[in-house]
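Trainee: Attaching a single structure in structure tokens format; questions to follow.
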Amino acid sequence: MKKPFVFAVVSLIGLASPALATFHEMQIEQVIGGVNGDTTAQAIQLRMRFAGQTQVQNAKVVVYDATGSNAITLIQPPTSVSNGVAGDRILLVSSNFVNNTSPTTVPDFYLTNLIPASYLAAGRLTWEISGGTILWSISWGGTNYTGPNTGSTINDSDGNFGPPFPGPLPSTSTSALLFTNTADALSLSNIVDYIVTPGAATFTNNARAGFVVLPPPVIPPLVTAITRESNDIRVTWTTTAGKTNVVQVTSGGTNGSFTNNFVDLSPPIIVAGSGPVGTNYLDSGGATNVPTRYYRVRLVP
């Protein structure tokens, strides 16, 4: 009489495994809410906890505001993915993200919607079934996030993914929010599982190609004019938003020959740039009736 009972239990277990070997056992491994302040450049990286989690078209990525409300579906992937070994990734990006990496990102899917800028200080991101069952959750903002953190026990043993990560979702540099545990790991809590990458984040697609987030290009300041006014030399320059520049100068003889290297002004003129044209005066010694001298000026970012 016991054999049929044992057979029935084994059969039920056998049926459960294929159901999970589709898309359920998935981590939200890495998220960036913007690159160098550009919040239209976003990326989300999923990672398979076990083999076979390729049927991603059956779930979706959803973002919630600081109260856990006002859900926005960022994407429901339209198709499955090819590679399905444990640890394989799925890369979801915005169209403006691709040119902010080296090499240029080749994503698996493009986001349909962006994480709103107003959600970056505090919010929640989920991998969930279309019916609403939350399979993985990452919330951020610490106590500023007041919504729920609960979900299924498939990827978290007690079904509570909180407390939230204490800081905002990274968006002002090249760093991302990264899950630090192994590919097969369950969620413990967002506050201990996630860190901000200490340097530029690397995102990986399902083809296992990596893409490093790039810093903003350095735009050197531009000297637009050097004019003599009485006994002073007036230097006019433009600055780059958010940059700090140091004015350096050297002078030469009346024939334009230069024997000195550029030196910082003493005290140096520091210009905290926010875009406008800046001006300052370089003292030429205060002497009167001196021959015209030649000056070279440069600005150091």
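Trainee: On the given criteria, is Thr54 modelled with pLDDT under 95 and either in contact with a Gly (Cβ under 8 Å, 6 or more places away or on another chain) or within 21 Å of Asn149 (Cβ to Cβ) (or both)?
Mentor: Details: modelled with pLDDT under 95: no; either in contact with a Gly (Cβ under 8 Å, 6 or more places away or on another chain) or within 21 Å of Asn149 (Cβ to Cβ) (or both): yes.
Criteria not met by Thr54.
Trainee: I've got another one for you. Can Val81 be described as without any contact (Cβ under 8 Å) to a residue 12 or more places away in the chain and at negative phi? Full working, then the answer.
Mentor: On the way: without any contact (Cβ under 8 Å) to a residue 12 or more places away in the chain: no; at negative phi: yes.
Spelling it out, it is not the case that Val81 is without any contact (Cβ under 8 Å) to a residue 12 or more places away in the chain and at negative phi.
Trainee: Identify all residues within the stretch 50-77 that are farther than 24 Å from Val35 by Cα, of a type outside the set (S, T, N, Q) and open to solvent by less than 10 Å² (accessible area, probe 1.4 Å); write none if there are none.
Mentor: Val56, Ala59, listed by residue number.
Trainee: Is one or more of the residues making up the stretch 19-28 at pLDDT below 95 and open to solvent by 50 Å² or more (accessible area, probe 1.4 Å)?
Mentor: Scanning the stretch 19-28 turns up at least one residue that is at pLDDT below 95 and open to solvent by 50 Å² or more (accessible area, probe 1.4 Å).
Trainee: Separate question: So Val98 passes all but one of these: (1) free of Cβ contacts under 8 Å to residues at least 40 places away in the same chain; (2) farther than 13 Å from Thr54 by Cα; (3) touching a strand residue (DSSP E or B) at 6+ places or on another chain (Cβ under 8 Å). Which condition number does it fail?
Mentor: All conditions pass for Val98, except number (3).
Trainee: Would you confirm, using the coordinates I've provided, whether Ala71 is over 26 Å from Leu120 (Cα atoms), modelled with pLDDT of 95 or more and aliphatic (A, V, I, L, M)?
Mentor: On the way: over 26 Å from Leu120 (Cα atoms): no; modelled with pLDDT of 95 or more: yes; aliphatic (A, V, I, L, M): yes.
For Ala71, the condition - over 26 Å from Leu120 (Cα atoms), modelled with pLDDT of 95 or more and aliphatic (A, V, I, L, M) - is not met.
The values are calculated or read from the model by the stated rules, or taken from the named source; none is laboratory data. Nothing here was measured: the structure is a model prediction, and the numbers come from that model. Note: ideal-geometry Cβ built from the backbone for every residue, glycine included; neighbour counts use all protein chains shown. We work out accessible area using only protein heavy atoms, side chains counted, and drop any ligands, DNA or RNA first. Shrake-Rupley method; radii C 1.70, N 1.55, O 1.52, S 1.80 Å.
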